Amino acid sequence: MINPYINRKYIIGGIVIFILFIYFIKLFAIQVIDDKYKLSAENNSKRIVIKHSARGLIFDRNNKLLVYNEAAYDIMIIPNQIENFDTITLSDILGITQNNINKNIIKARNYSARKPSIFLKQVSAKTYANFQEHIHKYKGFFVQPRTLRKYPMKIASNVLGDVGEVNKKTIEKDNYYKSGDYIGLNGIEKFYEKELRGRKGVELFLVDVHNRIKGSFANGKYDTTSVVGKNITATIDANLQLYGEMLMQNKIGSIVAIEPKSGEILAQISSPTFDPNLLVGRVRSENYQKLVTDTLKPLFNRALMAKYPPGSTFKLINALIGLQDKLISKKTHFGCSNGYHAGGLTVGCHSHKSPLNLLESIQHSCNSYYCNVFRTIVENKDYIKHADAYTHWRNLVVSFGLGNKLGSDFYNEISGFVPKASYYDKVHQTENWKALNIISLAIGQGELGITPLQMANMTATIANKGRYYIPHIVKKIEGRKDINPKYTIHHYTKIDEKHFTDVINGMELVVNGGIGSTARIAKIQDITVCGKTGTAENPHGKDHSIFIAFAPKENPEIALVVFIENGGFGSSWAAPIASLMIEKYLTDTIKRTYLEKRMLDGNLLKSE
Amino acid sequence: MRRNSNILKQIDWVTVFIYILLVFFGWINIYAAVYDDNHQSIFDISQRYGKQLIWIGASLFLIIGIFIINHKFYSFIPFPVYLLTIFMLIFVIIFGREVNGAKSWFEIGSFKFQPAEFAKFATSLVLAKLLSIYNFKIYKFKNIITITALLLIPFILILLQNDTGSALVYVSFIFVLFREGLSGNILLIGLLLIVLFILALFLNVLNLIIGITLLSFIIFWISNRNIKQTLIGVGIFILSGLLIWGITLLFEINLLESLQILLAVLLSSAFYTLWLIRNNLHKTLLIIGFAIISISFVLSVDYIFNNILEKHHQSRINNLLGIEFDPLGAGYNVNQSKIAIGSGGFLGKGFLNGTQTKYNFVPEQSTDFIFCTVGEEWGFIGTSSVLFLFALLLLRLIFLAERQRSAFSRIYGYSVIGILFFHVVINIGMTIGLAPVIGIPLPFFSYGGSSLWSFTILLFIFIKLDAHRMELL
Ligand SMILES: [Zn+2]
């Protein structure tokens, strides 16, 4: 008998073929055509473990340790792997509240249940040791070693800079950095970040669904070892820096000292300062807030970022320009009757002998003398317009490194301000302004804005008789023969070397000229200090006290500026402090302890 | 005597060869799926692949046993085996051990055993025996009842064990019934029910019921081409509806609108039926049946889905239908499974180089999701080879079934085909997101003694029957 339904075998066979063919197509689609599954698979099973490199150490010019690393430990969690645990004991061990424990776990879980995240940042070695003993009770916890900066001398916070977690913007710009990495945020740490950070390594692991490591990825083919950061020798002299910071306590202002023959910054003080250890570890954010809101702005690096009028110290520049343009000579005399009087204008002066020659004008810091010099320069007949003569003057000024960024190895130095002729065109609404309109430039007042670093460099340039190296803070980088060549190239002012002798002689008289010299207080026995006082008028309060100096005269080893906000006369605070700095640097001892004590005790903050 | 000497020649070696390939490839993949560096020996019996090797060895003895036993024996045992299985199924509900929420395992010492696996085999035998009775007419009402009962009893018992996957395998017997003459409409109805099932989950139940009712009237009109009768029908329906509505209002009965409509359909159907007996319209009867069954089905799907199915089943079904998308919820497994298979690419990552399956991103990677290991390590080449092998096996079995002279052998053969096909379609389908995640193994591939043995017994009894096809009538 023939089975009546025999043809149904074709239907059944057809269904089998049809469905399996659909599967065949689908498999082709997900395995061959679609790439998204391959990517997902990689993300699933690869874990990148970063091996952080220790940052390089920083030494001072005498190999004194300024910055080193201290081990700290991040306590990490993988939320998925956490099992019930005793939160009371844990909060005892780690010193955080149970509430914070829960909060941190939730935060980590919100980031990823499977991936490790930081539970508690930067615990100390002691806490770590304690926790390590109990870690078996806390499933899903592990510890990741990190390094934190430590500053044994507690000085130069603004010079060294700080280290903190890298921000989102940087991560987007530079794919070296990943969230949670540390980066130099200021000073040397920032400028030499690439050298100091070394290179972090990565190790790729295969992980299972619980994020447990199952072995190395591709037999370590893509792993890289971490390289420790390079050590850096800074140009600063730690003892001098420390001494300067002590002298500046309870004063607002800045000291910058440069070695003239190299351009190396010997000390750079911005006051008030703070202990750099405050910005390290778990206390960092709290302290940072305090420092940011401090009305005295300790985070503001005055040495590089404050624009001050140079006051009478600027007379030296005008003298040099006058000499260069042959408008004056050493023998040029100008009179002074308690000031400079022209038209309805008076620039006052203190009483001294009159008339004076060039050296005496420096010694006595005569305003009238420099008003005459400056007027001569601006009204120079070689130029059709005063503005052109002014532009010429400005070119010479700028050649001292004023009005532009010097190009030091600090990211945050500013250019300062030496107005262009066009600036006065705008101010006076005419191109035919007169020398008298801008006469305050003669004595370093007016619109001039010079940073302490620029003033120190200007001083070093005078000490060098017209040439300078760009001031810099790093002397040596480990493993490198030379520092950046730009710091070993001479820069020349537009003043001939021969003109400096007279000015330097004048500066010598300022300190060592006996009666009538403005900074006799800065005199040091057996050392010829050349200096110039300055008193910058300050529309907001008491005058700023300024002193620039270098020593010894014949072979200058240190040039510096001391700037004391609201310190009054240059001779009252800036000059003695500068003198003490020089004495400290050149002789390593202070003989004038009475002066030192007076300076250390001086408190200019109270009077406010 | 002649039989014994020739048995080796009579065996269909093509099928046996495909079986060996599948079992071997399965074992290799179980090794890859659970491989870890601490246990590298493929013969390590503390590991799953080592155990699987023992099951495979034991299967050899089973096969030898099957061949030694007289072939006539198999046509005598169906009812006793079936009864024994039913007892075991009941027994396991009472005394069984719960594994993964399903109470379907016997445990005697270290030996575990799952009666549901053998129930398929027993049901196949008993179905073959019943349908092969001389002059058996499948469309007779009494026979339909018997068949339904034979299938439904183990089905329900397995459902009671919480082993939905194994129970659903009984759907595969539709193939057998279809081949043996069950109306093709049954398959269409099955398809219709699936469509309604999906619609019931997608659409508002009330709208769907109204739609079905309207559809019924449209079919009624198309089949009769009689506008007057159609309008009378609609009138009766509306009157019934109003009547029901009035009653609920009058007696303040709180009744769901969908149930009200169902009652209206039932009531009006009663009127039609009375009226139809006079007019003798068979088609109309079918249409009424369609309407009532459809509406009841939709309502029960809705009820079952929302009140009986557990949350994870609900979301699995929803996920399959694309109703919800959550890679970490119910769809997580399927998503991970697709990632594993997809990441294999064309050539695969190579033996033991799979990361997704090995590191547990894929669940149950040595049992239900073994196909992921194939996909990840052997790529499209591997997966299409496995598909090809299964297609070849199924078509070969259809060929073998059709060459049987005995109806018993043929029907049993189709049972085997149906069961294997269902497992393959569901198991591979769920790993690539084309079938719901129902935990059933891939035949010959998945780790597990019970499943390997039951498929082996299932297949080799058929090979044995085939070897004696000339002697059986
Ligand atoms: Zn004067």
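The values are calculated or read from the model by the stated rules, or taken from the named source; none is laboratory data. Given the structure is predicted, the values throughout are model-derived calculations rather than measurements. Note that each Cβ is placed from the backbone with ideal geometry, even for glycine, and that neighbours are counted across all protein chains shown. Note: accessible area is taken over every heavy atom of the protein model, side chains too, but ligands, DNA and RNA are not part of it. Shrake-Rupley method; radii C 1.70, N 1.55, O 1.52, S 1.80 Å.
Values for this structure:
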item: Within region A:332-364, considering residues that are open to solvent by less than 80 Å² (accessible area, probe 1.4 Å) and of a type in the set (S, T, N, Q), the one farthest from the ligand (Cβ to nearest atom); result: A:Thr332
item: Residue within region B:298-321 that is at pLDDT 85 or above and either in a helix (DSSP H, G or I) or facing chain A (nearest Cβ under 10 Å) (or both) present; result: no
item: Some residue of region A:408-418 being over 22 Å from the mean Cα position of the chain (by Cα), touching a residue at least 60 places away in the same chain (Cβ under 8 Å) and farther than 25 Å from A:Ala551 by Cβ; result: no
item: Matching entry among B:Thr383, B:Thr373 (being facing chain A (nearest Cβ under 8 Å), of a type in the set (Ser, Thr, Tyr) and buried (at least 24 other Cβ atoms within 10 Å of the Cβ)); result: B:Thr383
item: A:Ile321 vs. criteria closer than 17 Å to A:Val503 by Cα, more than 16 Å from the ligand (Cβ to nearest atom), open to solvent by less than 10 Å² (accessible area, probe 1.4 Å) and assigned by TED's automatic domain parsing to the domain that holds A:Leu453; result: yes
item: Hey, A:Asn372 within 16 Å of the ligand (Cβ to nearest atom) and farther than 30 Å from A:Ile236 by Cβ or not; result: yes
item: Those residues of region B:193-216 which are surrounded by fewer than 17 Cβ atoms within 10 Å (Cβ to Cβ) and at pLDDT 75 or above, in sequence order; result: B:Ile210, B:Gly211, B:Leu214, B:Leu215
item: Criterion: open to solvent by less than 20 Å² (accessible area, probe 1.4 Å), among the charged types (D, E, K, R) and under 31 Å from the mean Cα position of the chain (by Cα) - qualifying residue of A:Lys542, A:Lys532, A:Lys494; result: A:Lys532
item: Which listed residue is open to solvent by less than 60 Å² (accessible area, probe 1.4 Å) and part of a helix (DSSP H, G or I), from A:Asn110, A:Asn99, A:Asn104; result: A:Asn104
item: Selection within region B:8-49 - within 14 Å of another protein chain (Cβ to nearest Cβ), open to solvent by 30 Å² or more (accessible area, probe 1.4 Å) and either part of a helix (DSSP H, G or I) or at pLDDT 80 or above (or both); result: B:Val34
item: Selection count, region A:492-507, where residues are among the acidic types (Asp, Glu) and closer than 13 Å to A:Met458 by Cβ; result: 0
item: Restricting region A:292-310 to residues that are open to solvent by 20 Å² or more (accessible area, probe 1.4 Å) and of a type outside the set (D, E, K, R), the residue that is nearest to the ligand (Cβ to nearest atom); result: A:Pro309
item: Within region A:171-194, considering residues that are assigned to a strand (DSSP E or B) and more than 15 Å from A:Pro276 (Cα to Cα), the one farthest from the chain's Cα centre (by Cα); result: A:Tyr182
item: Of the criteria (1) farther than 26 Å from A:Phe417 by Cβ; (2) in contact with a Gly (Cβ under 7 Å, 6 or more places away or on another chain), which one A:Phe314 fails; result: (1)
item: Flag if B:Glu376 is under 21 Å from A:Ile30 (Cα atoms) and among the acidic types (Asp, Glu); result: yes
item: Sole exception among (1) more than 33 Å from the chain's Cα centre (by Cα); (2) open to solvent by less than 50 Å² (accessible area, probe 1.4 Å) for A:Glu431, by number; result: (2)
item: Test: A:Thr313 is farther than 19 Å from A:Ala435 by Cα, under 41 Å from the mean Cα position of the chain (by Cα) and either of a type in the set (S, T, N, Q) or within 16 Å of the ligand (Cβ to nearest atom) (or both); result: yes
item: Single residue of B:Lys129, B:Lys142 found to be farther than 24 Å from B:Phe87 by Cβ and open to solvent by 20 Å² or more (accessible area, probe 1.4 Å); result: B:Lys142
item: Filter result for B:Val416 (within 16 Å of the chain's Cα centre (by Cα) and open to solvent by 10 Å² or more (accessible area, probe 1.4 Å)); result: no
